[in-house]
Amino acid sequence: MNLLPALATNPPAALLSAVAALSYAVLAWAHPRMTPGQTRFVLATAWLLHLLVLASGLLEQPVRFGFAPALSVTAWLVLTVYLIESRLYPELRARWTLAVLGTLAVLLALVFPGSPYPALRSNWLPLHWALGIASYGLIGAAVVHAWLMQRAEKSMRSGAATETPVPLLTLERLTFRFVAAGFALLSATLLAGGWFSETLNHRWTWDHKTVFSVLSWLTMGVLLWGRWRLGWRGRVAVRTLYLAAGFLLLGYVGSRFVLEVVLSRT
(Lines give C-alpha, C1' and ligand atoms only; values in the text may rest on other atoms or scores of the structure.)
Protein backbone atom coordinates (compact mmCIF):
# COMPACT_ATOMS: atom_id res chain seq x y z
CA MET A 1 0.00 0.00 0.00
CA ASN A 2 1.40 3.38 -1.01
CA LEU A 3 1.28 5.61 2.07
CA LEU A 4 1.69 8.77 0.01
CA PRO A 5 -0.39 8.30 -3.17
CA ALA A 6 -0.44 12.05 -3.78
CA LEU A 7 3.36 12.06 -3.97
CA ALA A 8 3.25 9.33 -6.61
CA THR A 9 0.46 10.82 -8.74
CA ASN A 10 0.90 14.58 -8.25
CA PRO A 11 4.30 15.59 -6.80
CA PRO A 12 3.67 19.39 -7.02
CA ALA A 13 0.44 19.06 -5.05
CA ALA A 14 2.18 16.86 -2.49
CA LEU A 15 4.96 19.45 -2.10
CA LEU A 16 2.37 22.21 -1.69
CA SER A 17 0.59 20.16 0.98
CA ALA A 18 3.86 19.64 2.84
CA VAL A 19 4.62 23.39 2.78
CA ALA A 20 1.09 24.23 4.00
CA ALA A 21 1.34 21.69 6.83
CA LEU A 22 4.78 23.05 7.75
CA SER A 23 3.41 26.62 7.88
CA TYR A 24 0.67 25.53 10.28
CA ALA A 25 3.19 23.58 12.35
CA VAL A 26 5.55 26.57 12.60
CA LEU A 27 2.67 28.69 13.87
CA ALA A 28 1.65 26.06 16.44
CA TRP A 29 5.24 25.79 17.71
CA ALA A 30 6.42 29.41 17.59
CA HIS A 31 3.30 31.50 18.20
CA PRO A 32 4.16 32.29 21.87
CA ARG A 33 7.31 34.05 20.64
CA MET A 34 5.62 35.88 17.75
CA THR A 35 4.12 39.34 17.73
CA PRO A 36 0.38 39.56 16.88
CA GLY A 37 1.27 40.86 13.42
CA GLN A 38 3.66 37.98 12.74
CA THR A 39 1.08 35.48 13.97
CA ARG A 40 -1.61 36.86 11.66
CA PHE A 41 0.82 36.85 8.71
CA VAL A 42 1.88 33.22 9.22
CA LEU A 43 -1.71 32.08 9.75
CA ALA A 44 -2.89 33.93 6.62
CA THR A 45 0.00 32.40 4.63
CA ALA A 46 -0.85 28.89 5.84
CA TRP A 47 -4.53 29.52 5.07
CA LEU A 48 -3.69 30.63 1.51
CA LEU A 49 -1.41 27.62 0.94
CA HIS A 50 -4.18 25.38 2.26
CA LEU A 51 -6.59 26.95 -0.24
CA LEU A 52 -4.14 26.26 -3.08
CA VAL A 53 -3.90 22.63 -1.94
CA LEU A 54 -7.69 22.29 -2.08
CA ALA A 55 -7.86 24.00 -5.49
CA SER A 56 -5.16 21.73 -6.92
CA GLY A 57 -7.16 18.71 -5.75
CA LEU A 58 -10.28 19.94 -7.54
CA LEU A 59 -8.30 20.42 -10.76
CA GLU A 60 -7.03 16.84 -10.79
CA GLN A 61 -8.48 14.46 -13.34
CA PRO A 62 -10.24 12.44 -12.19
CA VAL A 63 -11.31 14.35 -9.10
CA ARG A 64 -10.62 12.51 -5.83
CA PHE A 65 -12.61 12.89 -2.64
CA GLY A 66 -13.05 11.05 0.64
CA PHE A 67 -13.06 11.39 4.42
CA ALA A 68 -9.67 13.14 4.68
CA PRO A 69 -10.31 15.77 1.97
CA ALA A 70 -13.70 16.43 3.62
CA LEU A 71 -11.94 17.06 6.93
CA SER A 72 -9.37 19.25 5.17
CA VAL A 73 -12.06 21.44 3.59
CA THR A 74 -13.88 21.63 6.93
CA ALA A 75 -10.70 22.74 8.72
CA TRP A 76 -10.08 25.39 6.05
CA LEU A 77 -13.64 26.72 6.41
CA VAL A 78 -13.26 26.91 10.20
CA LEU A 79 -10.00 28.82 9.74
CA THR A 80 -11.72 31.15 7.27
CA VAL A 81 -14.39 31.94 9.85
CA TYR A 82 -11.68 32.55 12.47
CA LEU A 83 -9.70 34.90 10.21
CA ILE A 84 -12.82 36.97 9.56
CA GLU A 85 -13.87 37.00 13.21
CA SER A 86 -10.40 37.87 14.45
CA ARG A 87 -10.72 41.16 12.58
CA LEU A 88 -13.96 41.89 14.44
CA TYR A 89 -12.81 40.45 17.78
CA PRO A 90 -9.00 40.84 17.98
CA GLU A 91 -9.03 39.33 21.48
CA LEU A 92 -10.33 36.01 20.10
CA ARG A 93 -7.45 33.56 20.57
CA ALA A 94 -7.48 30.03 19.24
CA ARG A 95 -4.48 30.18 16.92
CA TRP A 96 -2.52 27.30 18.47
CA THR A 97 -5.48 24.91 18.38
CA LEU A 98 -6.48 25.86 14.83
CA ALA A 99 -2.87 25.62 13.62
CA VAL A 100 -2.64 22.05 14.96
CA LEU A 101 -6.01 21.29 13.35
CA GLY A 102 -4.78 22.64 10.02
CA THR A 103 -1.54 20.65 10.18
CA LEU A 104 -3.32 17.37 10.87
CA ALA A 105 -6.02 18.00 8.26
CA VAL A 106 -3.55 18.76 5.44
CA LEU A 107 -1.30 15.79 6.28
CA LEU A 108 -4.26 13.42 6.58
CA ALA A 109 -5.53 14.46 3.14
CA LEU A 110 -2.01 13.97 1.75
CA VAL A 111 -1.89 10.38 3.00
CA PHE A 112 -5.55 9.56 2.23
CA PRO A 113 -6.55 11.60 -0.87
CA GLY A 114 -9.82 9.68 -1.30
CA SER A 115 -11.44 7.79 -4.14
CA PRO A 116 -11.37 8.89 -7.80
CA TYR A 117 -14.63 10.05 -9.39
CA PRO A 118 -14.13 9.64 -13.17
CA ALA A 119 -17.83 10.32 -13.83
CA LEU A 120 -20.77 11.74 -11.91
CA ARG A 121 -24.23 10.18 -11.96
CA SER A 122 -25.69 13.69 -11.94
CA ASN A 123 -24.24 17.10 -12.73
CA TRP A 124 -26.05 18.42 -9.65
CA LEU A 125 -24.25 16.13 -7.21
CA PRO A 126 -21.48 18.72 -6.52
CA LEU A 127 -24.22 21.00 -5.14
CA HIS A 128 -25.14 18.33 -2.61
CA TRP A 129 -21.48 17.90 -1.67
CA ALA A 130 -20.95 21.67 -1.38
CA LEU A 131 -23.95 22.05 0.94
CA GLY A 132 -22.73 19.15 3.07
CA ILE A 133 -19.18 20.46 3.39
CA ALA A 134 -20.45 23.97 4.17
CA SER A 135 -22.63 22.56 6.96
CA TYR A 136 -19.56 20.69 8.28
CA GLY A 137 -17.62 23.96 8.32
CA LEU A 138 -20.31 25.97 10.13
CA ILE A 139 -20.91 23.26 12.71
CA GLY A 140 -17.15 22.93 13.15
CA ALA A 141 -17.00 26.68 13.80
CA ALA A 142 -19.81 26.28 16.35
CA VAL A 143 -17.83 23.55 18.12
CA VAL A 144 -14.71 25.76 18.28
CA HIS A 145 -16.75 28.60 19.78
CA ALA A 146 -18.39 26.24 22.27
CA TRP A 147 -14.93 25.05 23.33
CA LEU A 148 -13.78 28.66 23.78
CA MET A 149 -16.96 29.32 25.76
CA GLN A 150 -16.20 26.38 28.05
CA ARG A 151 -12.65 27.66 28.63
CA ALA A 152 -13.92 31.16 29.42
CA GLU A 153 -16.53 29.80 31.81
CA LYS A 154 -13.97 27.58 33.54
CA SER A 155 -11.60 30.53 33.95
CA MET A 156 -14.39 32.64 35.44
CA ARG A 157 -15.30 29.93 37.95
CA SER A 158 -11.67 29.47 39.03
CA GLY A 159 -10.97 33.20 39.18
CA ALA A 160 -8.06 32.85 36.76
CA ALA A 161 -7.36 35.23 33.90
CA THR A 162 -8.98 33.93 30.73
CA GLU A 163 -6.84 33.30 27.65
CA THR A 164 -9.74 34.38 25.45
CA PRO A 165 -10.98 37.70 26.89
CA VAL A 166 -14.11 37.75 24.70
CA PRO A 167 -17.27 38.25 26.81
CA LEU A 168 -18.95 34.94 27.59
CA LEU A 169 -22.30 36.16 26.28
CA THR A 170 -20.67 37.14 22.98
CA LEU A 171 -19.16 33.67 22.59
CA GLU A 172 -22.51 32.10 23.42
CA ARG A 173 -24.32 34.27 20.88
CA LEU A 174 -21.78 33.45 18.16
CA THR A 175 -21.98 29.73 18.96
CA PHE A 176 -25.74 29.58 18.48
CA ARG A 177 -25.58 31.67 15.31
CA PHE A 178 -23.25 29.09 13.80
CA VAL A 179 -25.47 26.26 15.07
CA ALA A 180 -28.53 27.83 13.43
CA ALA A 181 -26.68 28.42 10.13
CA GLY A 182 -25.23 24.88 10.20
CA PHE A 183 -28.69 23.45 10.92
CA ALA A 184 -30.16 25.33 7.95
CA LEU A 185 -27.43 24.09 5.60
CA LEU A 186 -27.68 20.54 6.92
CA SER A 187 -31.43 20.66 6.29
CA ALA A 188 -30.76 21.72 2.70
CA THR A 189 -28.14 18.96 2.38
CA LEU A 190 -30.57 16.28 3.53
CA LEU A 191 -33.31 17.57 1.22
CA ALA A 192 -30.91 17.60 -1.74
CA GLY A 193 -29.63 14.13 -0.82
CA GLY A 194 -33.17 12.79 -0.60
CA TRP A 195 -34.03 14.31 -3.98
CA PHE A 196 -30.94 12.79 -5.61
CA SER A 197 -31.68 9.43 -4.01
CA GLU A 198 -35.25 9.46 -5.32
CA THR A 199 -34.10 10.59 -8.77
CA LEU A 200 -31.21 8.14 -9.17
CA ASN A 201 -32.40 5.15 -7.12
CA HIS A 202 -36.18 5.75 -7.16
CA ARG A 203 -36.23 5.50 -3.38
CA TRP A 204 -34.70 7.10 -0.29
CA THR A 205 -31.53 5.15 0.54
CA TRP A 206 -31.02 4.61 4.27
CA ASP A 207 -27.33 3.91 4.77
CA HIS A 208 -24.99 4.70 7.67
CA LYS A 209 -24.26 8.17 6.29
CA THR A 210 -27.94 9.08 6.07
CA VAL A 211 -28.82 7.67 9.50
CA PHE A 212 -26.04 9.54 11.33
CA SER A 213 -26.73 12.75 9.39
CA VAL A 214 -30.41 12.61 10.33
CA LEU A 215 -29.48 11.92 13.97
CA SER A 216 -27.22 15.00 13.88
CA TRP A 217 -30.02 17.09 12.34
CA LEU A 218 -32.51 15.95 15.00
CA THR A 219 -30.03 16.64 17.82
CA MET A 220 -29.32 20.14 16.54
CA GLY A 221 -33.04 20.73 16.16
CA VAL A 222 -33.55 19.72 19.79
CA LEU A 223 -30.68 22.02 20.81
CA LEU A 224 -32.17 25.03 19.00
CA TRP A 225 -35.65 24.27 20.40
CA GLY A 226 -34.20 23.92 23.91
CA ARG A 227 -32.39 27.23 23.50
CA TRP A 228 -35.55 28.97 22.24
CA ARG A 229 -38.12 27.47 24.60
CA LEU A 230 -36.13 26.42 27.68
CA GLY A 231 -33.19 28.83 27.59
CA TRP A 232 -30.56 26.08 27.38
CA ARG A 233 -27.02 27.30 27.88
CA GLY A 234 -23.75 26.22 29.47
CA ARG A 235 -22.93 22.55 29.81
CA VAL A 236 -26.28 21.22 28.58
CA ALA A 237 -26.09 23.22 25.36
CA VAL A 238 -22.40 22.47 24.75
CA ARG A 239 -22.76 18.73 25.33
CA THR A 240 -25.77 18.57 23.03
CA LEU A 241 -23.78 20.41 20.35
CA TYR A 242 -20.84 18.00 20.77
CA LEU A 243 -23.25 15.06 20.40
CA ALA A 244 -24.73 16.53 17.20
CA ALA A 245 -21.24 17.18 15.79
CA GLY A 246 -20.21 13.62 16.69
CA PHE A 247 -23.18 12.18 14.82
CA LEU A 248 -22.36 14.34 11.80
CA LEU A 249 -18.72 13.27 11.87
CA LEU A 250 -19.79 9.62 11.93
CA GLY A 251 -21.94 10.30 8.86
CA TYR A 252 -19.87 10.93 5.75
CA VAL A 253 -16.41 11.03 7.33
CA GLY A 254 -16.98 7.96 9.51
CA SER A 255 -18.51 5.82 6.76
CA ARG A 256 -15.83 6.81 4.23
CA PHE A 257 -13.07 6.14 6.77
CA VAL A 258 -14.37 2.59 7.25
CA LEU A 259 -14.59 2.04 3.48
CA GLU A 260 -11.24 3.59 2.55
CA VAL A 261 -9.03 2.61 5.49
CA VAL A 262 -10.61 -0.30 7.38
CA LEU A 263 -12.05 -2.15 4.38
CA SER A 264 -9.64 -0.69 1.74
CA ARG A 265 -12.46 -0.12 -0.75
CA THR A 266 -12.74 2.77 -3.24
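Only residues that are at pLDDT below 90, in a helix (DSSP H, G or I) and among the small types (Gly, Ala, Ser) were counted across the stretch 101-133, and they come to 2. For VAL258, the conditions (1) part of a helix (DSSP H, G or I); (2) open to solvent by 50 Å² or more (accessible area, probe 1.4 Å); (3) modelled with pLDDT under 95; (4) more than 18 Å from LYS209 (Cβ to Cβ) are fulfilled apart from (4).
Of all the residues in the stretch 168-181, those that are open to solvent by 50 Å² or more (accessible area, probe 1.4 Å) and either closer than 22 Å to LEU218 by Cβ or not in a helix (DSSP H, G or I) (or both) number 1.
Residues in the stretch 221-236 that are in contact with a Ser or Thr (Cβ under 8 Å, 6 or more places away or on another chain) and open to solvent by less than 60 Å² (accessible area, probe 1.4 Å): LEU223, GLY226. For the stretch 56-78, the set of residues classified as open to solvent by 40 Å² or more (accessible area, probe 1.4 Å) and more than 18 Å from GLY132 (Cα to Cα) consists of LEU59, GLU60, GLN61, PRO62, listed by residue number.
Do we have any residue at all in the stretch 182-191 that's surrounded by fewer than 19 Cβ atoms within 10 Å (Cβ to Cβ), at pLDDT 85 or above and of a type in the set (S, T, N, Q)? Within the stretch 182-191 (the criterion being surrounded by fewer than 19 Cβ atoms within 10 Å (Cβ to Cβ), at pLDDT 85 or above and of a type in the set (S, T, N, Q)), the answer is yes, since at least one residue qualifies. Taking the stretch 11-54 as the search range and keeping residues that are open to solvent by 40 Å² or more (accessible area, probe 1.4 Å) and of a type in the set (Val, Ile, Thr), which one is farthest from the chain's Cα centre (by Cα)? If we take residues in the stretch 11-54 being open to solvent by 40 Å² or more (accessible area, probe 1.4 Å) and of a type in the set (Val, Ile, Thr), then THR35 is farthest from the chain's Cα centre (by Cα). For the stretch 238-248, the candidate set comprises residues that are crowded, with 17+ Cβ neighbours inside 10 Å and touching a residue at least 24 places away in the same chain (Cβ under 8 Å); within that set, the residue that is farthest from the chain's Cα centre (by Cα) is VAL238.
Please indicate, with yes or no, whether at least one residue in the stretch 74-83 is within 19 Å of LEU15 (Cα to Cα) and at pLDDT 90 or above. Yes, some residue in the stretch 74-83 is within 19 Å of LEU15 (Cα to Cα) and at pLDDT 90 or above.
The values are calculated or read from the model by the stated rules, or taken from the named source; none is laboratory data. Predicted, not measured: the structure shown is a model, and the values here were computed from it. Ideal geometry is used to build each Cβ from the backbone, glycine not excepted, and the neighbour counts take in all protein chains shown. Quick note on the areas: whole protein, heavy atoms, side chains included, nothing else; ligands and nucleic acids left out. Shrake-Rupley method; radii C 1.70, N 1.55, O 1.52, S 1.80 Å.
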